[in-house]
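I have placed the structure first, in the form of structure tokens, so that the comments after it can refer back to it.
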Amino acid sequence: MRLYNSLTRKKEEFIPIENKKVRFYSCGQTVYEDAHIGNARTYSYWDVLVRYLRWRNYDVFWVQNFTDVGHLTDDADSGEDKIILTARAKEIQPMVLVESQIRRFYEDMDALNIQRSDIYPRATGEIPEMIEFVKDLLEKGYAYEVNGSIYYDVTKFPNYGELSPSTYSDESVGARIAVNPEKRNPQDFALWIRAPPEHLMKWPSPWGFGYPGWHLECSVMSQKYLGATLDIHGGGIDHLYLHHPNEIAQSEARTGEKFVNYWLHAAFLTVEGERMGKSKGNFILVRELLQEYDPMLVRLFLVNSHYRKGVDFNREALDQIQILLDRLRTSIATIDQASGGNKSNLRDDILQVEKDFIEAMEDDLNTVGAIQSIMQFIKKVNTSLDNEKALLEEAKSIIITLTGILGIKLEEQEQRGKISIPELLDLLVDLRGRLREAKQFELSDQVRAKLLDIGVQLEDKPDGTIWKIKS
Ligand code: AMP
Ligand code: ZN
């Protein structure tokens, strides 16, 4: 498989450190608000990557973190902790907010069929390791203390900014200089931040009470669970500048080893050309969109563009995707209904679609090409319904497998929000009536009794049966 490595700025053959084992870390959600569809797009691709690698028999261990402390409202190591700020506005404890947001995150990801990573470490659960990490960096001379805060001295790390030269640019630095006079160099960043007595989320450390810097968290959590060198590290393109260069600087300074072999960055989901973001106010939450749209439609939209190219969200785009999804679902229904014949020309097409799918995915996770290969195959299947039934079943199975790697479940038609309880009860009343007409009184009585068990009472009237919810 070839992956575009942001570090070398080219596509490279993916070779794991150890045989078929893959150590994968992706930067996760800062759990102060619900996930928006931009977040979900990035996570969808990591899910596709993992599903694909596992299908190709790689043994993937995937870690994605929850940031529940230390992510400040600005990049200059000043500003407020996003969790504390939101918790205060809601008048709840920060950890109440975190717990509720994590549950909601799982609900949203599950709905979109974004599978869960193997573990989701939380920053607040790894504070002792973070303190040890900072101690090491101090001992090795990469960090310095000022009034209980610890900063990383970027001049001590010659490769700082290798991932993204703009990290070192005058402009980006300019924005950060004025704010913090404690820093020796403008590019230095906080590893540990001292906390005033009234600060809610703080921990004792050798330097007094404080809390970890956001960049430090990812270095600590990835290395703790995956070792000194990761095979793949993923994140949104916003992390190419600052967050990921800082992760490299910290990690490599501590271990003396290469931190990540392949850096993957997903482009932005935009709205009218502008990045969707919580601070921009132009965001659409996953759960909002799913009230209106089938989750599989949204999921297909999220992966029907290349991860390194941005995608603009609008409702017309979703309408187009509906056509694709309908075609996929109809093909499954058509195969189910077909009685088959004695032809066997589909055999070659089944091999071909798998080959085309793999070829697309091996080319830097080209999900667009992968979807096209499935759509082409479907066209073939639709004109080959006179093939042996066993081959038709195989065709169905490969469609389900390949779409499944993209996170699309075709067999369960999503009905959330669309089930009407009155309609369902009318249906059962009608069924009971038909059973009585057929003199199946035992069964019809059972339907009546079961409905009563769940609180629905049937009343037989001269002009038909009505149902009532028992009060
Ligand atoms: P955050 O909770 O802001 O740290 O973001 C979580 C993940 O979503 C990170 O990997 C971000 O890079 C990614 N992300 C944030 N906004 C967008 C967007 N508009 N499009 C794609 N990915 C995004
Ligand atoms: Zn991170």
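The values are calculated or read from the model by the stated rules, or taken from the named source; none is laboratory data. Bear in mind that the values here come from a model prediction, so they are computed numbers and not experimental data. Reconstructed Cβ throughout: ideal geometry from the backbone, glycine too, with neighbour counts over all protein chains shown. For accessibility, only protein heavy atoms count, side chains too; no ligands or nucleic acids. Shrake-Rupley method; radii C 1.70, N 1.55, O 1.52, S 1.80 Å.
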**Asked** Does the range 20-37 hold any residues that are more than 16 Å from ligand 2 (Cβ to nearest atom) and either closer than 13 Å to Gly235 by Cβ or out of contact with any Asp or Glu (no Cβ under 8 Å at 6 or more places or on another chain) (or both), and which are they?
**Response** Glu33, His36, Ile37
**Request:** Run down Leu289, Leu297, Leu285 and say which single residue is more than 12 Å from ligand 1 (Cβ to nearest atom), open to solvent by 10 Å² or more (accessible area, probe 1.4 Å) and at pLDDT 95 or above.
**Result:** Leu285
**Odd one out for Trp214, checked against (1) crowded, with 24+ Cβ neighbours inside 10 Å; (2) within 16 Å of ligand 1 (Cβ to nearest atom); (3) at pLDDT 95 or above** = (3)
**Asked** Hey, which of the helices (runs of 4 or more DSSP H) in the range 181-292, taking only ones fully inside, have at least 1 residues that are under 22 Å from Val31 (Cβ atoms), free of Cβ contacts under 8 Å to residues at least 12 places away in the same chain and not assigned by TED's automatic domain parsing to the domain that holds Glu139?
**Response** 286-292
**Item:** Restricting the range 238-272 to residues that are at pLDDT 95 or above and of a type in the set (A, V, I, L, M), the residue that is nearest to ligand 1 (Cβ to nearest atom)
**Value:** Leu269
**Counted residues, the range 217-234 - those being within 14 Å of ligand 1 (Cβ to nearest atom) and of a type in the set (Asp, Glu)** = 1
**Request:** Please verify whether the range 326-343 includes one or more residues that are of a type in the set (Ser, Thr, Tyr) and in a loop (DSSP other than H, G, I, E, B).
**Result:** yes
**Complete:** Scanning the range 255-294 residue by residue, the ones that are within 16 Å of ligand 2 (Cβ to nearest atom) and either over 20 Å from the mean Cα position of the chain (by Cα) or of a type in the set (Ser, Thr, Tyr) (or both) total 3
**Item:** Residue list for the range 161-201, filter: hydroxyl-bearing (Ser, Thr, Tyr) and modelled with pLDDT of 90 or more
**Value:** none
**Request:** For Gly28, state whether it is among the small types (Gly, Ala, Ser), in contact with a helix residue (DSSP H, G or I) (Cβ under 9 Å, 6 or more places away or on another chain) and farther than 30 Å from Gln291 by Cβ.
**Result:** no
**Item:** One residue from Arg41, Arg54 being more than 16 Å from ligand 2 (Cβ to nearest atom), at pLDDT 95 or above and over 25 Å from Val311 (Cα atoms)
**Value:** Arg54
**Prompt:** Looking at Ser251, is it within 20 Å of the chain's Cα centre (by Cα) and of a type in the set (Ser, Thr, Tyr)?
**Reply:** no
